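S.K.: Structure below; questions to follow.
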Amino acid sequence: MRGRLLRAARAGLQAAGPPWRVLFFGSDSFAVTALEALEAARQPGRAPLPLVSRLEVVALPAELPVRRCARRLRLPTHQWPHTGPRGAFDVGVVASFGRLLSDDLILQFPYGVLNIHPSCLPRWRGPAPIVHAVLHGDKVTGVTIMEIRPKRFDVGPIIKQEEIAVPPHCTAKELEATLSHMGANMLINVLKNLPESLKNKKEQPKEGVTFAPKITIAKSCVKWEEQTAVQIIQLHRAIGSMFPLQTLWKGSPVKLLDFVEVHNIPGFADEVLNDLGAVPGSLLYHKLSQTLIARCKEDWVGIKAVVLKKKLTATDFYNGYMHSWFQQNSTAVHQECRFQTLKLKTTKETLKERKILAQDTNQ
């Protein structure tokens, strides 16, 4: 009953058209592009009226990009869960916010709440769609402007959706930049004719649903025995800007930087023919290209730099850690001179251990 009354009340408050009063919810750099586009649409332009008349921001407590952007643009900012004066906005806009909105909050907006999601929903619902698109080698991705449903992520009806081809060899960070501008432009186009856009919305297909869970640092551990060279390169492109890939060298953790595909290394093919017995993780140093080359489950992968206490080029690592070992051990090199899989505990495993420890303490 209360929900019907609220819906009737907000229907009576709907403005016929722009300029709109917008409350923006966001956190990261993807969201910043949309916020900047809304601020630009608030400024007087060629049209008789600006597209946006009022713009305020809801930010998370941490010092994240959206909070810094709002400060730079001198926009009024509310710290979640506070959302500003009730009934002061026509429409809400969400981009990479990561918090569920209640039915009561959504109903405060006569035109509801729009979400800019960087995937072609229903593919890659969840907090990390761009990372998973790169990680799984998607050839096509896109952006969806959808309507937020209360207390659920990424299931609302589609208002506008556009596709693009994923550029070859691109990283998640590069793809994010492309999709953020694409999403901002789509949002502005939706706002230009918001009532009509909402009338033409359609429910998401039930087929093709996939999920994009949050990425943790545990994902950065290279599994030499399980992952192919292609998979390791994809992993680096997907998460390398957040979490550099990691491995073990003689018991010490090492971060791996600047990966290269072996077919781009001149003269390496001849060496591979002589090293078919190498076990996963085995290391070679390719002097001509100054590249470390590691054996994977299938094929090899090149590494141009590492971090072991400090950043080292492949040549520095070879001279400091591999050269003397190669001189002393001319046989069975691949069995000992190699990277090994680093195992980091997941949050679930850590919580389980804490629970067991607490039980033992109480006994």
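Here is a yes/no grid of residues against (1) surrounded by 19 or more Cβ atoms within 10 Å (Cβ to Cβ); (2) at pLDDT 95 or above; (3) under 21 Å from Met182 (Cβ atoms):
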| position | (1), (2), (3) |
| --- | --- |
| Arg74 | no, yes, no |
| His78 | no, yes, no |
| Ala88 | no, yes, no |
| Val94 | yes, yes, yes |
| Phe109 | yes, yes, no |
| Leu121 | yes, yes, yes |
| Thr141 | yes, yes, yes |
| Ile148 | yes, yes, yes |
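S.K.: Of the conditions (1) under 30 Å from Arg42 (Cβ atoms); (2) outside the structural domain of Thr141 (by TED's automatic domain parsing), Phe268 clears all except one; give me its number.
M.R.: If we test Phe268 against (1) under 30 Å from Arg42 (Cβ atoms); (2) outside the structural domain of Thr141 (by TED's automatic domain parsing), just (1) comes out false.
S.K.: Given the condition touching a residue at least 12 places away in the same chain (Cβ under 8 Å), buried (at least 20 other Cβ atoms within 10 Å of the Cβ), in contact with a Ser or Thr (Cβ under 7 Å, 6 or more places away or on another chain) and closer than 24 Å to Ala172 by Cα, answer yes or no: does some residue in region 20-29 qualify?
M.R.: Yes: region 20-29 contains one or more residues that are touching a residue at least 12 places away in the same chain (Cβ under 8 Å), buried (at least 20 other Cβ atoms within 10 Å of the Cβ), in contact with a Ser or Thr (Cβ under 7 Å, 6 or more places away or on another chain) and closer than 24 Å to Ala172 by Cα.
S.K.: Hand me the list of helices (runs of 4 or more DSSP H) wholly inside region 272-363 holding 2 or more residues that are farther than 18 Å from Val254 by Cβ and at pLDDT below 90.
M.R.: Details: elements: 314-317, 323-328, 333-336, 347-362.
Filter on region 272-363 gives 323-328, 333-336, 347-362.
S.K.: Got a sec? Which of Gln204, Gln231 is within 30 Å of Leu342 (Cβ to Cβ) and modelled with pLDDT of 95 or more?
M.R.: Numbers: Gln204 fails: within 30 Å of Leu342 (Cβ to Cβ).
The match here is Gln231.
S.K.: Related question: Looking only at region 139-186, how many residues end up being among the hydroxyl-bearing types (Ser, Thr, Tyr) and free of Cβ contacts under 8 Å to residues at least 24 places away in the same chain? Explain how you work it out, then say what you get.
M.R.: Going residue by residue through region 139-186, those that are among the hydroxyl-bearing types (Ser, Thr, Tyr) are 141, 144, 171, 178, 180.
Filter once more, so that each one left must be free of Cβ contacts under 8 Å to residues at least 24 places away in the same chain: 178.
Qualifying residue count, region 139-186: 1.
S.K.: Now, a different point. Whether any residue in region 254-270 is among the polar types (S, T, N, Q) and either touching a strand residue (DSSP E or B) at 6+ places or on another chain (Cβ under 6 Å) or surrounded by 15 or more Cβ atoms within 10 Å (Cβ to Cβ) (or both) is what I want to check. Walk me through how you get there before you give the answer.
M.R.: Start the filter on region 254-270 by keeping residues that are among the polar types (S, T, N, Q), which leaves 264.
Narrowing further to those that are either touching a strand residue (DSSP E or B) at 6+ places or on another chain (Cβ under 6 Å) or surrounded by 15 or more Cβ atoms within 10 Å (Cβ to Cβ) (or both): none.
Checked region 254-270: no residue is among the polar types (S, T, N, Q) and either touching a strand residue (DSSP E or B) at 6+ places or on another chain (Cβ under 6 Å) or surrounded by 15 or more Cβ atoms within 10 Å (Cβ to Cβ) (or both).
S.K.: A further question on this structure: Would you confirm whether any residue within region 31-40 is surrounded by 15 or more Cβ atoms within 10 Å (Cβ to Cβ) and either assigned to a loop (DSSP other than H, G, I, E, B) or modelled with pLDDT under 95 (or both)?
M.R.: Looking for residues that are surrounded by 15 or more Cβ atoms within 10 Å (Cβ to Cβ) and either assigned to a loop (DSSP other than H, G, I, E, B) or modelled with pLDDT under 95 (or both), one finds none in region 31-40, hence no.
S.K.: Further question on the same structure: Out of Ser252, Ser220, report the one residue that is of a type outside the set (D, E, K, R) and in contact with a Phe, Trp or Tyr (Cβ under 6 Å, 6 or more places away or on another chain). Steps first, please.
M.R.: Values: Ser252 fails: in contact with a Phe, Trp or Tyr (Cβ under 6 Å, 6 or more places away or on another chain).
Just a single option satisfies the conditions, and that option is Ser220.
S.K.: Continuing with this model, one more query. In region 64-71, is there at least one residue being in the same structural domain as Gly98 (by TED's automatic domain parsing), hydrophobic (A, V, I, L, M, F, W, C), buried (at least 19 other Cβ atoms within 10 Å of the Cβ) and under 22 Å from Tyr111 (Cα atoms)? It would help to see each step written out before you state the result.
M.R.: Here is the first cut: in region 64-71, the residues in the same structural domain as Gly98 (by TED's automatic domain parsing) are 64-71.
Restricting the remaining residues to those that are hydrophobic (A, V, I, L, M, F, W, C) gives 64, 66, 69-70.
Narrowing the set further to residues that are buried (at least 19 other Cβ atoms within 10 Å of the Cβ) leaves 66, 69-70.
Restricting the remaining residues to those that are under 22 Å from Tyr111 (Cα atoms) gives none.
No.
S.K.: Going through Gly137, Gly84 one at a time, which residue ends up being over 21 Å from Val22 (Cα atoms) and surrounded by fewer than 18 Cβ atoms within 10 Å (Cβ to Cβ)?
M.R.: Numbers: Gly84 fails: over 21 Å from Val22 (Cα atoms).
Step by step, each of Gly137, Gly84 is checked, and only Gly137 is over 21 Å from Val22 (Cα atoms) and surrounded by fewer than 18 Cβ atoms within 10 Å (Cβ to Cβ).
S.K.: Given the options Leu13, Leu23, Leu114, name the one that is of a type in the set (A, V, I, L, M), more than 18 Å from Ser180 (Cβ to Cβ) and at pLDDT 95 or above.
M.R.: Details: Leu13 fails: at pLDDT 95 or above; Leu114 fails: more than 18 Å from Ser180 (Cβ to Cβ).
None of the other options fit; the residue is Leu23.
S.K.: Which pairs have Cβ atoms under 8 Å, sit 6 or more apart or on different chains, and link a residue in region 72-85 that is in contact (Cβ under 8 Å) with a residue 12 or more places away in the chain to one that is among the basic types (Lys, Arg) and surrounded by 14 or more Cβ atoms within 10 Å (Cβ to Cβ)?
M.R.: Thr77/Arg67
S.K.: Now for a different question. For region 47-60, does any single residue satisfy the condition of being of a type in the set (Lys, Arg), at pLDDT 95 or above and either touching a helix residue (DSSP H, G or I) at 6+ places or on another chain (Cβ under 6 Å) or not in a loop (DSSP other than H, G, I, E, B) (or both)? Break it down stepwise before answering.
M.R.: Going residue by residue through region 47-60, those that are of a type in the set (Lys, Arg) are 54.
From the residues that got through so far, the ones that are at pLDDT 95 or above too are 54.
Remaining after also requiring either touching a helix residue (DSSP H, G or I) at 6+ places or on another chain (Cβ under 6 Å) or not in a loop (DSSP other than H, G, I, E, B) (or both): 54.
Within region 47-60, one or more residues are of a type in the set (Lys, Arg), at pLDDT 95 or above and either touching a helix residue (DSSP H, G or I) at 6+ places or on another chain (Cβ under 6 Å) or not in a loop (DSSP other than H, G, I, E, B) (or both).
The values are calculated or read from the model by the stated rules, or taken from the named source; none is laboratory data. Bear in mind that the values here come from a model prediction, so they are computed numbers and not experimental data. For neighbour counting, all protein chains shown are included, and Cβ atoms are generated from backbone atoms with ideal geometry for every residue, glycine included.
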